[in-house]
Every structure is written in structure tokens, then in C-alpha cells.
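Data block below; observations after.
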């Protein structure tokens with residue numbers, strides 16, 4: 001953008017009307033959003049029988065951070081992921097992550113995790129490509145070790161959406177609600193990834209109740225996409241009401 005503006009000023013100073021006309025010819029631009037990406041991202045609040053989880057030190061397990069900020073990748077990102085972000089020309093990725101549990105729970109394996117991401121890209125075509133490419137990346141990352149999602153399966157029954165969308169199931173490492181320690185089992189998740197113009201939203205819900213994961217993720221995706229379509233501040237929401245939560249007994253396996 002700075003280079004284009006500088007060229008425009010130079011042409012004006014040169015007084016070349018023909019060159020100026022060429023420089024001012026319509027150029028395809030990405031869709032713009034009035035609000036910063038961190039205001040458009042959906043966040044979770046307490047309510048409907050669920051409360052925030054605190055780690056053993058008493059802090060909320062709630063993160064908000066830029067993975068990519070105006071084209072600059074966060075320092076802690078591993079090199080392969082950094083390369084992937086740069087290869088896809090991702091401008092921003094904002095992530096919010098929260099752990100919640102049923103109110104008053106004393107069960108270390110009864111919590112759920114919600115991760116929501118928003119990415120901005122240079123144009124709608126790049127955003128549309130990012131959606132299936134993310135699925136490919138998830139399949140490949142399984143070979144990089146158990147800290148990545150495992151048992152990845154592409155879903156056939158995805159929410160209706162008139163732009164690029166995928167659904168994925170898999171398993172993640174599980175961390176105890178009370179102890180915060182990694183458990184000897186993995187927890188199932190549902191993740192939806194959907195394009196909205198030049199942005200891509202990702203909603204991921206992880207708990208020991210696969211049906212609950214699916215129903216909650218669909219509701220949250222709908223709320224997130226509505227914020228993007230309306231280009232409005234995304235008001236934090238609780239876990240949707242009326243969805244039964246019945247965590248299954250964890251199947252012990254190596255994390």
C-alpha cells in the first residue's frame with residue numbers, strides 16, 4: 001500500500017496526465033472490515049450452567065492472542081507452521097481459547113475447551129483456498145506427533161454455507177479441569193472452518209461428549225459468521241442452552 005501511494009504522489013509531481021490516469025485505473029481490493037479482527041472474533045462467557053475453569057494457580061484458562069498480526073508471525077510459532085502462514089499470505093490470525101466446566105464440578109475430566117480463530121487474507125480467493133488447505137494440513141500434522149490432532153476425519157454433514165466450509169472430527173490431548181495435568185487419554189473434538197469474504201473462521205469444541213461438541217460448534221459457528229456478515233462487535237456468548245451434556249467415560253490410551 002505504501003508503494004502504491006508513493007507512486008501516485010510521484011506521478012502527480014511529474015504532471016503526467018496519461019500516466020496518472022493509468023495509475024488511477026480501478027484495482028481489485030480485498031473486502032475491508034470496519035472493526036479490527038480482535039473485535040469481530042466470538043468469545044465465550046459463563047452461563048447456562050457452565051463456568052470458567054481456573055488453573056492451579058487461580059488464573060482463568062482463557063487466552064486471547066494474535067498468532068499473526070499484520071503479516072508478522074508470533075515468535076513462538078514453530079517454523080513449519082510459520083512457513084505455512086507465510087505461504088498462504090495470511091495477514092492476521094486472532095485466537096481465543098477458553099476452558100469451561102459444569103458449575104460446581106469436582107470431576108477432573110468433565111470440562112470442555114472452545115477455541116475460536118479468525119484469519120484475514122488478501123482476497124476472497126485466498127480465503128477460499130485456505131479452508132481445504134487447512135484440512136490437508138491437519139491430516140499431515142498427525143505424523144508430527146501426539147501433541148497435534150489425531151484420528152482426523154473429514155465430516156460429510158456440515159452446516160449449510162454459501163462459501164467454502166469444512167467440518168473435521170478428531171482427538172486432542174486432554175488436560176484435567178482441576179489439576180491442569182495431561183490425562184492418559186485423548187478427547188474428541190469437532191471443528192468447523194468457514195470462509196466469509198476475505199476472512200476464515202474456525203470453531204473447535206473439545207470434550208468427552210462428541211454429540212455435545214457437534215451441536216455447540218454448529219451454534220457457535222452460526223453466531224461467528226453472523227458477526228462477520230454484519231461487521232459488528234461480537235458480543236461474548238455462553239455455551240448454548242438446551243444442549244444435553246453427558247461426557248462419556250474416557251477410554252485410556254497413550255496421549
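The values are calculated or read from the model by the stated rules, or taken from the named source; none is laboratory data. It should be emphasised that the depicted structure is a prediction, and the values quoted were computed from it without experimental measurement. Neighbour counts run over all protein chains shown; Cβ positions are idealised from the backbone, glycine included.
Among the candidates 90, 116, 77, single out the residue that is part of a loop (DSSP other than H, G, I, E, B), in contact with a helix residue (DSSP H, G or I) (Cβ under 8 Å, 6 or more places away or on another chain), assigned by TED's automatic domain parsing to the domain that holds residue 172 and buried (at least 20 other Cβ atoms within 10 Å of the Cβ).
Going through 90, 116, 77 in turn, the sole match is 90.
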Can you go through 242, 180 and tell me which one is surrounded by fewer than 18 Cβ atoms within 10 Å (Cβ to Cβ) and assigned by TED's automatic domain parsing to the domain that holds residue 159?
180
Restricting to region 196-228, give me the number of residues that are closer than 21 Å to residue 123 by Cβ, touching a strand residue (DSSP E or B) at 6+ places or on another chain (Cβ under 7 Å) and assigned to a strand (DSSP E or B).
4
So, of the residues in region 133-142 that are farther than 20 Å from residue 92 by Cβ and in contact (Cβ under 8 Å) with a residue 12 or more places away in the chain, which turns out to be surrounded by the fewest Cβ atoms within 10 Å (Cβ to Cβ)?
139
Residue in region 130-151 that is under 17 Å from the mean Cα position of the chain (by Cα), assigned by TED's automatic domain parsing to the domain that holds residue 224, in a loop (DSSP other than H, G, I, E, B) and closer than 18 Å to residue 67 by Cβ present
yes
